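Heads up, the thing below is written out as structure tokens.
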Amino acid sequence: MTTESPGLPPHSITCDAARTLPGLFRQRVARSPAAVAYRQFEGGAWRDYTWSALAGLVGRWQLGFAGEGLQPGDRVALSLPNGVDWVCCDQAALGLGLVPVPLYATDSPDNIAHILADSGARLLLLDSDRRWPALAAGRAAFPALRRVLCLKRELPAADETLRDLADWLPRASADLVDLVQDPDALATLVYTSGTTGRSKGVMQSHHGILWTAQAVLRRIPAYPTDCFLSFLPLAHSFERTVGYYLPMMAGAQVAFARSVELLRQDLIRIRPSVLLGVPRVYERVYLVIQARLGPHGLRRRLLETTVDLGWRRFLVTQGRGPVLGPLARLAAVVLRRLIARQVLDRFGGRLRVAVSGGAPLASTVARFFIGLGLPLTEGYGLTETSPVLTNTAPADCIPGSVGRPLPGLELRIGPDGELLARTPGLMLGYWGQPAASASTIDADGWLHTGDLAELRDGYLYIRGRLKEILVTSAGEKIPPAELESALTMNPLFAQALILGEGRPYLAALLVLEPDAWARLAAGLALDPDDPAALHQSAARAAVLARVQDLLKGFPRHAQVRAVHLSLAPWTIENGLLTPTMKVKRGRLEERFREVIRRLYAGRELPGGAA
């Protein structure tokens, strides 16, 4: 299916006018030299950078790169927190025809080493030299690397490869250089999160990224008066395209959050009009509010009434619900001012658009925030599609859906329920992996996303990953993501993994929230600080009862019959999460192999999975 193609908001730089990413930057500098481009916290205060000032910095970076003897096509890796240095490195490299390779600052040394080796990066930018020793231990795997720049030098100088950025960066600036003429040329290598194996380098083109940003702008306009708060890593293709290149296209301002820990303070200080988040951001806020309210009481009833009336009003605006009576309308207005405003003020109080992307957002959470008046919307895409495929304006949001196809692309559902996409934002292929590229993009140009999906009334619904569908020994097919999402919406469960491939029934690995576990254990007369308490039959029975209650709306064959409890979180550092916070299912199953064996001990069918 295809969709409409409305016009761009005024003052936007079109894809055709920009042609390339450095072309977009040059045009924005020319059109808005004195406008504030970025804000970041430096030396105890927020500092503004205009477009003209940024152009001067990018010119200095380009002189520095030229001094390293880098040639067009060479790869430059950057592993930094979001900020002006990230932007300058990216823009300087792009203008010189170099290929930026963004890395997650939180990624493991092992995966960074893999990416450096696979991409053949010539230069690496780090926030601190303290991260270098762990990488240097495997230096033989990436011999192409010749220079490592560090924002901070804290260790004794012991490696001539390392340079302090402040010393390396030339003092003088120069006019911007733009060597890129072909919009279809390789712009950047973005490595996938690698949930089932080594991450692959997705080759994104200038045109693919620009087309995607423009298509998003057509659906959800941005303006020069907008302020984006950037806190998702710029190594994430969603943040990079929609939270960095799109504001540049629109002439909007971007403020870089200090950290996730300080996000709440930054929201109140910056008061953004646009916020890009992933489902877990909204889910965390939802769970905190639910925990503070408790199960009963006047405050909970007032909040629930506020959400209910707000949701009903929202349905009226969509033509999907009956008109509220006079008393209900009055109550909705009063409760929004008294109750909803307290929640909305936590987001800064002037959000015009709040986006959730990267994975489907639980319908319960979406309805909650929409009912409170948050202008929430959802989107969907893949790194391979630069990365957005669907979105919708807040007024058209339908919880449970990830929106409508962007104007100008095509989606269809394959025979096995897999979503197929054909888009101008399609990747050029996987770096150095022609066979993987050919197996992902068919001869007719359709990308096989690997996602199970449904198209209904013009909206897309994601049902799970094709490769992650569990097939029990009885032949029942179960998408585990929906069950896991239902569990982690409860304050007791921080993380969940559903098991059952080739097994007679489902089981679950569960990481409990410490405070919620302490309350549950106290009610069972167990010591929450005793690790053995998690393995007591009373604890498992109580948790299993909670699980079965949360999953009672699912079919009989999708019910969990055994659980393993833990308080140790799955993290990037222990290798169980990707940098985008996705669970590495295979790694978890390997780590908990013996635990899983015990969950099914004595109850396997003949010939069942080991």
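Taking the stated definitions as given, is GLY586 modelled with pLDDT under 95, assigned to a helix (DSSP H, G or I) and out of contact with any Leu (no Cβ under 7 Å at 6 or more places or on another chain)? The answer is yes for GLY586.
Only strands (runs of 3 or more DSSP E) whose full extent lies in the range 372-471 are considered here, and the ones with at least 1 residues that are in contact (Cβ under 8 Å) with a residue 60 or more places away in the chain and within 21 Å of HIS207 (Cβ to Cβ) are 388-391, 410-413, 447-456. Count, please, the residues in the range 423-459 that happen to be within 27 Å of ALA117 (Cβ to Cβ) and not β-branched (Val, Ile, Thr). Final tally of qualifying residues: 16. When we screen ALA516, ALA533, ALA507, ALA496 for residues that are over 28 Å from ILE478 (Cα atoms), within 30 Å of the chain's Cα centre (by Cα) and outside any loop (DSSP other than H, G, I, E, B), the only hit is ALA516. Within the range 218-237, the set of residues being farther than 14 Å from LEU263 by Cβ and in a loop (DSSP other than H, G, I, E, B) comprises ILE220, PRO221, ALA222, TYR223, PRO224, THR225, ASP226, LEU234, ALA235, HIS236.
If I go through the range 167-194 residue by residue, how many of them are among the aliphatic types (A, V, I, L, M) and in contact with a Leu (Cβ under 8 Å, 6 or more places away or on another chain)? Result for the range 167-194: 7.
Pairs linking a residue in the range 561-585 that is within 29 Å of ASP527 (Cα to Cα) to a residue that is outside any loop (DSSP other than H, G, I, E, B) and of a type in the set (S, T, N, Q), with Cβ atoms under 8 Å and 6 or more positions apart or on different chains, are PRO569/GLN495; TRP570/GLN495. Applying the criterion of being surrounded by fewer than 22 Cβ atoms within 10 Å (Cβ to Cβ) and without any contact (Cβ under 8 Å) to a residue 40 or more places away in the chain to the residues of the range 111-124, the residue that is farthest from VAL180 (Cα to Cα) is ALA113.
Within the range 67-106, restricting attention to residues that are among the acidic types (Asp, Glu) and surrounded by fewer than 24 Cβ atoms within 10 Å (Cβ to Cβ), which residue is nearest to the chain's Cα centre (by Cα)?
Residues of the range 67-106 that are among the acidic types (Asp, Glu), as a first pass: 68, 74, 85, 90.
Keeping just the survivors that are surrounded by fewer than 24 Cβ atoms within 10 Å (Cβ to Cβ) gives 68, 74, 85.
Working: GLU68: 33, ASP74: 27, ASP85: 21 Å.
Here the residue is ASP85.
Per-residue answers, yes or no, for (1) in contact with a helix residue (DSSP H, G or I) (Cβ under 6 Å, 6 or more places away or on another chain); (2) farther than 29 Å from GLY23 by Cβ:
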position	(1), (2)
ASP159	no, yes
ALA166	no, yes
ASP184	yes, no
THR188	no, no
PHE228	yes, no
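Give ARG269, ARG280 a once-over and let me know the one that is at pLDDT 90 or above and in a helix (DSSP H, G or I).
The unique qualifying residue is ARG269.
Looking at this structure, is VAL190 within 20 Å of ARG240 (Cα to Cα), part of a loop (DSSP other than H, G, I, E, B), at pLDDT 95 or above and not small (Gly, Ala, Ser)? So VAL190 fails the test.
Does the range 328-347 contain at least one residue that is aromatic (Phe, Trp, Tyr), outside any strand (DSSP E or B) and under 22 Å from the mean Cα position of the chain (by Cα)? Scanning the range 328-347 turns up at least one residue that is aromatic (Phe, Trp, Tyr), outside any strand (DSSP E or B) and under 22 Å from the mean Cα position of the chain (by Cα).
When the residues of the range 125-165 are filtered to those that are assigned to a strand (DSSP E or B) and among the hydrophobic types (A, V, I, L, M, F, W, C), the one that is surrounded by the fewest Cβ atoms within 10 Å (Cβ to Cβ) is LEU151.
SER173 meets all of the listed conditions (1) under 29 Å from the mean Cα position of the chain (by Cα); (2) in a loop (DSSP other than H, G, I, E, B); (3) polar (S, T, N, Q) but one, namely (1). Restricting attention to the range 218-233 and to residues that are more than 19 Å from the chain's Cα centre (by Cα) and hydrophobic (A, V, I, L, M, F, W, C), the residue that is surrounded by the most Cβ atoms within 10 Å (Cβ to Cβ) turns out to be ALA222. Of the candidates ARG352, ARG271, ARG284, the single residue that is surrounded by fewer than 20 Cβ atoms within 10 Å (Cβ to Cβ) and touching a Pro at 6+ places or on another chain (Cβ under 9 Å) is ARG352. The single condition from (1) farther than 26 Å from THR472 by Cα; (2) exposed (fewer than 12 other Cβ atoms within 10 Å of the Cβ) that THR571 fails is (2).
Only one entry of GLY371, GLY348, GLY297 meets the criterion of being in contact with a strand residue (DSSP E or B) (Cβ under 9 Å, 6 or more places away or on another chain) and in the same structural domain as GLU410 (by TED's automatic domain parsing), and that entry is GLY348. Taking the range 283-327 as the range and being within 30 Å of SER259 (Cα to Cα) and outside any helix (DSSP H, G or I) as the test, only GLY294 passes.
The values are calculated or read from the model by the stated rules, or taken from the named source; none is laboratory data. Note that this is a predicted model, so its numbers are computed, not measured. Because the Cβ atoms are built from the backbone with ideal geometry, glycine has one as well, and the counts that use them run over all protein chains shown.
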